[in-house]
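J.: Shown below is the structure under consideration.
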Amino acid sequence: MYDLYYSESCPYCRKVIKFFEENNIEYNPKEINNSTYYDELLDIGKKMQVPFIVDQKNGISMYESEDIINYVKKNEKA
Ligand SMILES: N[C@@H](CCC(=O)N[C@@H](CS)C(=O)NCC(=O)O)C(=O)O
């Protein structure tokens, strides 16, 4: 399961969400207007940028929508 930090207004986030939904990949949405999630994002990632994922199972976290999509594609095939 992936934690996805995102904001409603962010087109890069929408692209990642569309990818998750079209491929029926389970994720835990964390909208950063929620200050708890905003703080988590800064704590883990160290910068204010979305989208950002955390793959707790593999100890991986990542920014950049294209990198996220490519990582999840590979990970789901493995
Ligand atoms: N190249 C990045 C761009 C991500 C990006 O620009 N995100 C914006 C929101 S749409 C952001 O978080 N900007 C930082 C800020 O607003 O402080 C990607 O593809 O994920």
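J.: Assuming R0 = 30 Å, can you tell me the calculated FRET efficiency for the pair ASN33 and LYS73, based on Cβ-Cβ distance, to the nearest 0.05?
T.: That pair, ASN33 with LYS73, gives E of 0.60.
J.: Where does helix 65-77 land angle-wise versus the long Cα axis of the chain, in degrees 0 to 90, nearest 10?
T.: 40
J.: On a 22 Å Cα-Cα criterion, which of the cross-link pairs LYS46/LYS73; LYS30/LYS73; LYS15/LYS77; LYS30/LYS57; LYS18/LYS77; LYS47/LYS73 come out too long?
T.: Pairs exceeding the cut-off: LYS46/LYS73; LYS47/LYS73.
J.: If you don't mind, another one. If you take every DSSP beta bridge fully contained in the chain, what fraction is antiparallel? Give it as a percent rounded to 5.
T.: Antiparallel bridges make up about 60 percent of those DSSP assigns within the chain.
None of the figures in this text is laboratory data; all of them are computed from the coordinates on show. Bear in mind the structure is a predicted one, so any value in this text is a computation, not a measurement. All Cβ positions, even for glycine, are placed from backbone atoms using ideal geometry, and neighbour counts span all protein chains on display.
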